[in-house]
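Heads up: the structure comes next, in structure tokens.
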Amino acid sequence: AFGGMPGYLISYANPIPQIDDLPGLLRKIIWPSSHFIFLLVGVYLLVFFLTRDKLGGVLAACAYGLTTYLSIILAVGHNTKFVALCFAPWLVLAFAYALRKPKLLSGLLFAVALAANLQAGHVQITYYVAFLLGIWWVVDGVGALRHGRLQPFGAATGWLVLGAVLGLLMVAFPYLTYAEYKAFSIRGAATGGAAGGLDLSYAMAWSQGPGELLTLLIADAFGGGAPLYWGPKQFTEGPNYVGGVVLLLAALALWRVRRNVVYAFGIAALLMTLFSLGEYFPLLNEPMFRFFPLFDAFRVPETWLSVVAFALAVLAGIGLCYAARAEETPEAEKAKTKSILIATGVAVGFVALLFMMKSVFFEFEKSGEGLMIAQQVVAQNPGISADDPRVQETVDRALAQFKDDREAAFTSDALRTLLFLLLAGAALFAYRRGWLPAWAMQVALILLVVVDLWGVDRRHLNADALQPATQADALIPSYEFDQFILARRDEAGGPGAFRVLSLEAGNPITNARPSYFYESLGGYHGAKLRLYQDFAEHIFVDPQTGLPNENALDLLNARYLVVPGTLPGYEPVYQDQQTGMLVLENQDVLPRAFFVGETEVIASSEETWARLQSSDFDPRRTAILAESIDFETTPLDSSSTARVALESYAPDKIVWQVETDAPRLLVASEIYYPAGWTVEIDGESAPIVRTDYLLRAVPVPAGEHTLVMQFAPTSHRLSVWTTGLSTLLVYGAVVVLLGMAWQRKEEPVAGEGAI
């Protein structure tokens with residue numbers, strides 16, 4: 001994929017086993033239950049640890065485990081995010097344990113939990129959870145200062161810092177290499193690999209609209225997913241729904257429970273909700289993006305709501321514990337009953353108001369939707385102009401139907417939420433009047449949460465939404481033109497012979513399907529190299545024709561193009577009868593490696609892009625360098641015997657047999673990445689130079705040589721050793737400490753039957 005760019009974030013197997021491998025083994029059998037079970041147990045243990053209320057833990061586990069966000073990310077395949085969210089409760093539990101019991105064992109357990117969460121491979125989720133923990137630490141620190149408990153708080157902080165350091169060392173693999181890569185990617189580099197970060201507008205894409213926060217309470221308040229979704233995002237698969245019962249209990253905890261953990265989770269939930277608004281709340285989010293550490297490394301602000309849902313679930317568990325707990329005096333019991341009735345009444349009244357005034361509060365129309373429908377009508381009917389009255393009639397009918405469907409969805413879900421709130425209120429009232437025992441009330445509320453959330457989950461996750469990994473091949477479309485291209489690749493010598501540009505669907509740079517079959521200019525990656533992103537944005541497309549630039553395709557060894565129709569300058573060599581797609585051949589494509597006889601030095605990136613797109617630039621003769629090098633290449637002419645033959649090709653090692661009658665620069669159509677690629681000529685180290693903005697070049701002396709390019713980053717070896725040693729240290733220490741604790745427990749006290 002991506003012309004030979006490193007694929008760290010696509011697949012990077014960890015050779016060091018850790019505790020997260022246990023659900024990883026189960027994953028092969030019962031995915032996603034393998035990790036979902038850990039999520040449920042983790043939340044249950046956290047809330048039980050905080051409250052000693054078993055049923056409060058059960059409700060919190062169900063509230064978080066069945067939140068709609070988890071179902072949606074499973075259905076769309078965001079598996080690493082799901083795994084990170086499943087391990088999140090264990091990280092919070094380890095943090096809570098360290099605050100309560102500051103000792104070496106708690107610090108080591110925090111290290112284990114942190115490493116397991118980071119091993120999931122979605123550092124954005126870990127960052128968000130760490131933000132919650134940071135707020136909790138501050139709140140607890142303020143409490144310790146006020147109540148004179150600084151010594152145990154300081155000890156807890158020390159063990160947590162030790163645990164954090166050890167946890168990070170335990171994930172040196174892969175994060176040391178990731179950090180190295182990040183400096184050259186769109187997540188951490190400006191043009192040319194300089195320091196930088198994500199663009200603000202790019203990072204704030206998929207911000208949660210302020211009005212959309214209502215979907216926490218009323219699932220399809222904004223239409224749910226496509227095609228009825230009418231919120232401000234481009235599209236979405238569904239809402240971030242936690243349900244009225246969970247919100248009621250969480251609000252009750254925030255109002256009536258005076259504990260640091262409640263303050264911390266409440267402040268965190270509020271801040272993270274504001275962060276989720278992204279571009280709609282620039283007063284907070286722009287300064288955070290520009291100044292707060294690592295805030296600018298992540299995009300899709302809506303993702304903050306995944307941790308908001310976790311915080312609300314924990315608060316709901318605490319709220320249920322509060323509602324069920326008997327007070328010491330009749331006055332306190334009366335005050336609690338009043339609080340519960342007021343909270344329930346406010347919640348019911350708010351939803352009822354929205355239901356009755358929906359036509360006042362909501363338009364049920366997406367901004368610019370009429371224009372989009374009109375464009376679709378014109379595109380589907382070439383003989384009709386945009387000014388034709390029939391177009392507007394069609395638009396009006398479509399908008400009216402959409403509005404009716406959206407209003408019906410809102411009405412249905414508002415009534416649904418209202419019903420669950422009334423039932424929850426009835427159960428709470430029955431308990432307060434003595435008609436139900438506490439456990440029955442708690443069980444009733446747990447069942448309401450499960451029925452409520454599962455009913456919405458089933459809209460997004462059903463029996464057909466997940467497929468076993470053994471069936472993955474069947475889910476990737478294979479066409480006749482794929483087989484044609486694969487046959488041509490075999491004829492040309494196998495991998496390394498050429499690349500393919502596929503215009504079969506959407507953006508060819510982000511289309512990952514072709515990369516499953518053959519080397520491609522596109523693909524999918526969590527953070528493309530900045531150089532390749534610049535290529536896609538500034539070199540790949542000819543600004544005058546809107547078509548792929550010929551020099552760009554030549555430089556990246558794109559021999560075949562898969563297109564729906566002909567393109568000037570390319571020869572059709574195959575037509576797929578199944579799809580109608582044409583395979584065009586770029587007959588004068590450059591080979592994977594070739595010699596050039598001239599160089600140009602252009603320091604400016606913008607000037608380099610323009611030069612590469614110029615019709616008078618010949619990449620066969622000239623290579624563009626960002627800076628001059630101590631090597632003078634010799635011009636090529638008809639008498640030159642310069643040749644390059646590919647001997648073997650693999651993603652991490654390429655071997656060429658080369659011959660040149662004079663010193664020349666060898667240009668390899670492989671993406672330049674300085675952190676790990678090395679080259680040897682006849683066993684002697686040689687430099688790799690960035691050329692033509694994003695490719696590799698090697699100065700080659702005259703003569704016959706074996707040239708070997710190999711990818712063996714030092715960061716990889718260092719990270720494996722660091723992870724292995726720190727993992728052995730931490731797990732070994734945990735086992736020893738637990739063994740010592742068990743031995744002390746088993747030793748009989750003198751005089752009590754010691755033998």
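The values are calculated or read from the model by the stated rules, or taken from the named source; none is laboratory data. Since the model is a prediction, treat every value here as computed from it, not as a measurement. Methodologically, a virtual Cβ is constructed for each residue, glycine included, from the backbone with ideal geometry; neighbour enumeration extends over all protein chains shown. Please note that ligands, DNA and RNA were not included when accessible areas were found on the heavy atoms of the full protein model with its side chains. Shrake-Rupley method; radii C 1.70, N 1.55, O 1.52, S 1.80 Å.
Table for the structure above
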| read-out | value |
| --- | --- |
| Qualifying positions in the stretch 467-526 - within 17 Å of Q578 (Cα to Cα), in contact (Cβ under 8 Å) with a residue 24 or more places away in the chain, over 22 Å from the mean Cα position of the chain (by Cα) and in a loop (DSSP other than H, G, I, E, B) | P477, S478, Y479, L503, E504 |
| Residues (outside any helix (DSSP H, G or I) and within 31 Å of the chain's Cα centre (by Cα)) located in the stretch 111-157 | A120, G121, H122 |
| Yes/no for A309 being part of a helix (DSSP H, G or I) and within 28 Å of G65 (Cβ to Cβ) | yes |
| Q544 vs. criteria assigned to a loop (DSSP other than H, G, I, E, B) and either basic (K, R) or touching a residue at least 60 places away in the same chain (Cβ under 8 Å) (or both) | no |
| Filter result for E550 (out of contact with any Phe, Trp or Tyr (no Cβ under 8 Å at 6 or more places or on another chain) and within 27 Å of L665 (Cα to Cα)) | yes |
| Filtered residues of the stretch 688-737 (kept if of a type in the set (V, I, T), surrounded by 18 or more Cβ atoms within 10 Å (Cβ to Cβ) and touching a Leu at 6+ places or on another chain (Cβ under 9 Å)) | V689, T691, V698, V700, T722, T723, T727, V730 |
| Contacts under 6 angstrom Cβ, first residue in the stretch 698-723 being in contact (Cβ under 8 Å) with a residue 12 or more places away in the chain, partner part of a strand (DSSP E or B) and of a type in the set (G, A, S), 6 or more apart | V698/A686 |
| A98 being without any contact (Cβ under 8 Å) to a residue 12 or more places away in the chain, touching a Leu at 6+ places or on another chain (Cβ under 8 Å) and open to solvent by less than 10 Å² (accessible area, probe 1.4 Å) | no |
| Hey, A130 open to solvent by 20 Å² or more (accessible area, probe 1.4 Å) and modelled with pLDDT of 95 or more or not | yes |
| Candidate set from the stretch 623-632 (those that are modelled with pLDDT of 95 or more and not small (G, A, S)); member that is farthest from V589 (Cα to Cα) | L625 |
| Lone unmet requirement of (1) hydroxyl-bearing (S, T, Y); (2) over 27 Å from G526 (Cα atoms); (3) open to solvent by 30 Å² or more (accessible area, probe 1.4 Å) for S33 | (2) |
| Unique match (being over 21 Å from W137 (Cβ atoms) and in contact (Cβ under 8 Å) with a residue 40 or more places away in the chain) among E327, E331, E302 | E302 |
| Close pairs from the stretch 208-223: first farther than 13 Å from L305 by Cβ, partner among the acidic types (D, E) and assigned to a helix (DSSP H, G or I), Cβ under 6 Å, at least 6 apart | I218/D413; A219/D413; D220/D413; F222/E212 |
| Criterion: in contact with a helix residue (DSSP H, G or I) (Cβ under 8 Å, 6 or more places away or on another chain), of a type in the set (F, W, Y), under 22 Å from G209 (Cβ atoms) and modelled with pLDDT of 95 or more - qualifying residue of F298, F310 | F310 |
| Unmet requirement for S207, which otherwise passes all of (1) more than 29 Å from A424 (Cβ to Cβ); (2) open to solvent by 10 Å² or more (accessible area, probe 1.4 Å); (3) within 18 Å of the chain's Cα centre (by Cα) | (2) |
| Flag for P89 being open to solvent by less than 40 Å² (accessible area, probe 1.4 Å), more than 15 Å from the chain's Cα centre (by Cα), modelled with pLDDT under 95 and not hydroxyl-bearing (S, T, Y) | no |
| Counted residues, the stretch 27-71 - those being of a type in the set (A, V, I, L, M, F, W, C) and closer than 14 Å to L93 by Cα | 13 |
| Residue among F402, F410 that alone is in contact with a Lys or Arg (Cβ under 7 Å, 6 or more places away or on another chain), assigned to a helix (DSSP H, G or I) and more than 30 Å from K338 (Cα to Cα) | F410 |
| Any hit, the stretch 657-674, residues being of a type in the set (G, A, S), farther than 20 Å from R499 by Cα, out of contact with any Phe, Trp or Tyr (no Cβ under 6 Å at 6 or more places or on another chain) and surrounded by fewer than 21 Cβ atoms within 10 Å (Cβ to Cβ) | yes |
| Residues located in the stretch 138-152, provided they are within 18 Å of V92 (Cα to Cα) and surrounded by fewer than 19 Cβ atoms within 10 Å (Cβ to Cβ) | V138, G141 |
| Total residues in the stretch 201-226, condition more than 14 Å from N285 (Cβ to Cβ) and either of a type outside the set (G, A, S) or part of a helix (DSSP H, G or I) (or both) | 10 |
| Number of positions in the stretch 317-373 that are among the β-branched types (V, I, T), open to solvent by 90 Å² or more (accessible area, probe 1.4 Å) and more than 39 Å from the chain's Cα centre (by Cα) | 0 |
| Scope the stretch 18-54; condition in contact (Cβ under 8 Å) with a residue 24 or more places away in the chain, within 23 Å of the chain's Cα centre (by Cα) and more than 29 Å from Y516 (Cβ to Cβ); matching residues | Q18, I19, F38, L39, L40, G42, V43 |
| Scan of the stretch 583-605 for residues that are touching a residue at least 60 places away in the same chain (Cβ under 8 Å) and open to solvent by 20 Å² or more (accessible area, probe 1.4 Å), ordered by number | V589, P591, T599, S605 |
| Residues satisfying the stated conditions in the stretch 282-296, i.e. open to solvent by 10 Å² or more (accessible area, probe 1.4 Å) and either within 18 Å of G56 (Cα to Cα) or assigned to a helix (DSSP H, G or I) (or both) | P282, L283, L284, E286, P287, M288, F289, R290, F291, F295, D296 |
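Listed here are the residues, each with its yes/no results for (1) open to solvent by 50 Å² or more (accessible area, probe 1.4 Å); (2) closer than 24 Å to G225 by Cβ.
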position	(1), (2)
F410	no, yes
F429	yes, no
G434	yes, no
P437	yes, no
A440	no, no
